[in-house]
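Derivation of every value follows stated rules applied to the coordinates shown; laboratory data play no part. Given the structure is predicted, the values throughout are model-derived calculations rather than measurements. Because the Cβ atoms are built from the backbone with ideal geometry, glycine has one as well, and the counts that use them run over all protein chains shown.
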Amino acid sequence: MNDLHNNQPTLSVGIPVYNSGPSVIDAVESVLNQTWLGSLEVILINDGCDDNETLEVLNQLERLHAEVLVYHHSQNLGRPYARNTVLENARGKYLTWIDADDTWYPHKLQTQFTELYKVSPEVDGYICLSSYDWQWEGGGKKRIKSPDLTQGALQGVINGKIGCYLWTMLATTETYRRVGKFDTNLPRLQDLEFILRFAHQGGQFVATPNNQPLCIYKKSDVGRSGESVEHSVRHIWKKHRFSYASFGNRFERFSKQDQLALIIRHYRNNGKRMLFSRLAVQYFAKSPKRGLKRFKRTFC
C-alpha cells in the first residue's frame, strides 16, 4: 500500500473488488474523470482475489494514480467485510461508493455535491441519491430508474420506492459511520439492510434533479445464488420485523412478497427451476389478485 498525499482528501470512494479483471479499470477511470475537481482518494479493497489478471490490474492502478490505495484481504470475506474496511480507512470528509463493474457519468459528483450543499452547511444525516441507467449485462435497452422520495424515508426504503444502492449515494463519512458496520451475516442485500438502519435512525434523503441518470448499473444475476438471496431476505425480515410491521399488515405483506419475487428471480436466472416453480406457486397462492404485472416488474 502506498503512502498517499499528505493532505486529507475531501472525498473517499470505496470499491470492493473480487476477480473483476479489466472492468475495475473502467470504474476507476470514471471516478478520476469527473468534472468535480476536489481532492479524493480511491480505496480499492482486494477481497482475496485469486486471479492474476485482477491482481495485476490493482497493482497497475495503484502505481499509475496517486489517488488510488489498495487494501488487501488475505482471503475472500465478502462485500460486507470489504465495505467495512472502506469505512474503517476512509479519510475524506465525504464518502461514496462504486462497484467494480459499474461506471459513473462525468458529472455525477458535481451534481450530487451541489444538491447536498443545498441542504445546509452541515449535512450529516443526509444521503444524496442519484438516478441511474439500469442495463442487464449482455445488452438490452437501458432503463432510467429514479428514487421516489414522496413517502417517508423508512417506508420508501422498505417498499423499494427508494433504491438502496450504495453506488448512487453520496454523504459525509460520519453519516455512514453513525449507522454502524455492514452486517457480515448477509452475503447479499447488505445495502438494503444498512440503509434500513440509516432510515430507522432518522436519516433523510435528497435526490439529484430532473431524473437525470448519473451512472450506469450493469445488472446480472448469474452466480448470485437464490439460496444466498433467500438467506439474506429472511435475515433482514427477522432483524427488521418491527419496521416492516409499523406500516400495517397489508404493507408488510406486500413488501415481503416483493422480496419473495426477488428470490424467485435469482432461482430462475441461475437455473434452479424446481425452486423457482415452488416459490412461484407460493407467491401467487398468497396474492392471486396482484396479477402478473407486479410480479414481472421484479424480472426487469
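With 29 Å as the limit, write out which pairs from LYS142/LYS239; LYS161/LYS238; LYS93/LYS181; LYS219/LYS239; LYS181/LYS219; LYS118/LYS145 have Cα-Cα distances beyond it, or answer none.
LYS142/LYS239
Across the range 161-172, in residue order, what do the Karplus-derived ³J(HN,Hα) couplings come to in whole Hz, using 6.51 cos²θ - 1.76 cosθ + 1.60 with θ = phi - 60° and x for Gly and Pro?
5, 9, x, 8, 10, 4, 6, 9, 10, 9, 7, 5
Highest first, please rank the peptides 166-176, 150-160 by the mean number of other Cβ atoms sitting within 10 Å of their residues.
Packing proxy ranking, top to bottom: 166-176, 150-160.
How large is the direction-averaged shadow of the alpha-carbon convex hull of the chain, in nm²?
15.6 nm²
In degrees from 0 to 90, rounded to the nearest 10, what is the angle of the helix 190-200 Cα long axis to the longest principal axis of the chain?
80 degrees
Mind listing P(r) for the range 51-173? All alpha-carbon pairs, 5 Å bins, whole percents.
Per 5 Å bin, starting at zero, the Cα-Cα P(r) for the range 51-173 comes out as 2, 8, 14, 19, 20, 17, 12, 6, 2, 0 percent.
Sort SER12, SER39 so the one with the fewest other Cβ atoms within 10 Å of its own Cβ comes first.
Ascending number of Cβ neighbours within 10 Å: SER39, SER12.
Angle between the Cα long axis of helix 23-32 and the longest principal axis of the chain, 0 to 90 degrees, nearest 10?
Tilt relative to the chain: about 60 degrees.
To the nearest 10 degrees, how steep is helix 108-119 against the longest Cα principal axis of the chain, on a 0 to 90 scale?
The two axes meet at around 80 degrees.
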